[in-house]
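Trainee: Provided herewith is a single structure, encoded as structure tokens, for subsequent inquiry.
No value in this document is a laboratory result; all are computed from the given coordinates. Only a predicted model underlies this, so the values are computations on that prediction, with no experimental measurement involved. Counting neighbours? That spans all protein chains shown, and the Cβs are built from the backbone with ideal geometry, glycine included.
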Amino acid sequence: MKRLVKFTFIIPLVLLFASCGEDREALKVENVDLVEAVYSSVTVQPEDVYTVKSTVSGYLDDILHDEGTGIAKGDLLFVVRDITGNSTEQNARLSYELAQKNFLGDRSVLNDIQLEISNQALKRKNDSLNYSRNQKLYDAGGITAVELEQSQLMFESSKASHIAAVNKYNRTSRELKTAMEQARNNFTSSASRSSDAHIVAALNGKVYSVLKERGDLVNIQEPIAIVGSADQFEINLMVDEVDIIRVKEGQKIIVDLEAYPNSVFEAKVDRIVPKMDDQTQTFKVIGKFTSAPKQLYMGLTGEASIVVEERKNVVAIPRDYLNEKNEVETESGFKKVKVGIKSLSDVQILEGLKAGDVIYKPKD
């Protein structure tokens with residue numbers, strides 16, 4: 001990009017003529033129309049443009065649209081073979097299948113617990129019957145109190161073991177079901193992420209640049225291409241912080257593009273990005289063409305003047321005719337003048353000169 005020249009300038013219409021007897025360069029002052037403007041370099045960009053990036057790491061398997069081709073929103077642009085995603089998806093699928101078998105399979109963990117419950121239920125029933133018999137025998141004096149107490153303890157133990165087995169089954173069932181649902185969610189999520197390897201267009205437009213070739217390794221969030229509007233363009237201007245307060249939306253912009261050296265185009269200020277760029281110390285101004293070239297390309301450069309104010313029929317002279325004391329040399333000697341707007345090369349004269357006056361360029 002060209003170096004940004006930072007100044008406000010005026011476009012004067014003055015007449016230079018032959019010098020006096022001392023061979024001095026002189027100027028006859030005239031009333032002219034002046035345009036006060038803010039100068040900036042300019043770059044042409046599609047109105048809507050974005051960088052296509054990959055959401056997965058992998059190899060670029062296919063490029064469906066080459067540079068310069070038109071695209072529609074939703075068109076498949078690139079296919080990236082998701083290295084990590086495919087592996088993750090496969091592992092997630094295996095985990096899901098294992099979780100299904102653990103919860104629903106013929107040889108699931110729950111079947112083993114159900115068998116344990118059956119055994120504990122049978123033992124509980126037998127211990128219950130044995131305790132009932134011993135109770136009757138004790139009442140008849142057939143066994144001692146210690147023997148009755150032992151049968152009671154055995155029954156209560158088997159009862160507690162049966163209840164614990166049932167609780168274990170319910171708890172394990174809930175845990176296995178939750179694990180299966182989590183594995184299913186992980187598998188679904190992994191399968192969904194793997195589809196991100198198919199990158200589609202986010203807008204109707206054109207592929208302006210493809211930054212990778214087939215077979216290249218692409219990392220996550222690495223740029224692959226630049227896509228933008230096909231026919232709608234805007235201009236980007238970088239305005240110095242000193243001048244930005246003079247720029248308003250709707251102001252006219254005079255555009256001079258390098259690609260069209262003999263033509264001048266018009267645009268208007270569409271919006272001003274309110275944050276200053278920390279690196280360039282400038283503000284980005286977006287302009288929209290009101291009269292544009294028939295053919296535009298992304299990245300065209302040139303110069304632009306944002307018209308801040310237009311003044312009709314005023315007096316202006318080149319700055320090099322004015323000394324540091326704000327004096328100009330006339331036919332009758334040096335004369336103090338009151339100046340107005342200044343630019344890199346010209347200055348407006350508010351008081352002290354009039355049309356028809358002759359002034360001389362200071363001696364070197």
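Trainee: Using +1 at the Cβ of each Lys and Arg and -1 at the Cβ of each Asp and Glu in segment 190-308, identify which of THR290, ALA225, LEU211 lies farthest towards the dipole's positive end.
Mentor: Working it through, the farthest residue towards the positive pole turns out to be THR290.
Trainee: Still on this structure, I have one more. In what sequence, highest mean first, do 219-227, 330-338, 39-47 appear when ranked by Cβ atoms within 10 angstrom?
Mentor: Final packing ranking: 39-47, 219-227, 330-338.
Trainee: Residue by residue through segment 40-53, which ³J(HN,Hα) values in whole Hz follow from phi under the Karplus form 6.51 cos²θ - 1.76 cosθ + 1.60 (θ = phi - 60°), with glycine and proline marked x?
Mentor: Running phi through 6.51 cos²θ - 1.76 cosθ + 1.60 with θ = phi - 60° gives 7, 6, 9, 10, 8, 9, x, 4, 10, 8, 8, 8, 6, 10 Hz.
Trainee: Based on the alpha-carbon gyration tensor of segment 259-300, what equivalent-ellipsoid semi-axes (square roots of 5 times the eigenvalues) come out, in whole Å, largest first?
Mentor: For segment 259-300, the semi-axes come out at 25, 13, 9 Å.
Trainee: Which whole-number percent is the relative contact order of the chain (Cα, under 8 Å, 6+ apart)?
Mentor: For the chain, the relative contact order is 29 percent.
Trainee: If you fit an axis through the alpha-carbon atoms of helix 83-104 and take the longest principal axis of the Cα set of the chain, what angle between them do you get, 0 to 90°, nearest 10?
Mentor: Result, in degrees: 30.
Trainee: Right, here's the next one. With only alpha-carbon atoms counted, please give the Rg and Dmax of segment 277-364, in Å.
Mentor: 19.3, 57
Trainee: Based on alpha-carbon positions alone, could you give the equivalent ellipsoid semi-axes of segment 213-305 from the gyration tensor, as √(5λ), descending, whole Å?
Mentor: 28, 20, 12
Trainee: Obtain the nm distance between the two label points defined at ASP66 and GLU331 by a simple spin-label model: each point lies 7 Å from its Cα along the Cα-to-C-beta direction.
Mentor: Placing both labels 7 Å beyond Cα along the Cβ direction yields 7.2 nm.
Trainee: Below 29 Å Cα-Cα, how many Lys pairs turn up in segment 128-235? Only count pairs eight or more apart in sequence, or on different chains, if you could.
Mentor: 4
Trainee: Net charge near LEU203: determine it from the other residues with C-beta under 11 Å of the C-beta of LEU203, scoring Lys and Arg +1 and Asp and Glu -1.
Mentor: Taking every other residue near LEU203 into account, the sum is -1.
Trainee: What is the set of long-range amide H partners of PHE233 at a cut-off below 5 Å, with H atoms built 1.01 Å from backbone N?
Mentor: GLU47
Trainee: Specify the residue with the greatest mean-square fluctuation among LEU115, LEU257, LEU94, computed from a Gaussian network of the chain linking alpha-carbon atoms under 10 Å apart.
Mentor: Among LEU115, LEU257, LEU94, the largest mean-square fluctuation in the Gaussian network model of the chain belongs to LEU115.
Trainee: Now for a separate question. What list of ³J(HN,Hα) values in whole Hz, one per residue of segment 225-241 in order, does the Karplus curve 6.51 cos²θ - 1.76 cosθ + 1.60 (θ = phi - 60°) give from phi, with Gly and Pro shown as x?
Mentor: With the stated coefficients, segment 225-241 comes to 7, 10, 10, x, 4, 8, 10, 9, 10, 9, 10, 10, 10, 10, 9, 4, 4 Hz.
Trainee: Next question, about the same structure. Under 10 Å, Cα contacts only: if you run a Gaussian network model on the chain, which one of VAL29, VAL49, VAL207 comes out with the highest mean-square fluctuation?
Mentor: Evaluated over the chain, the most mobile residue of the options is VAL29.
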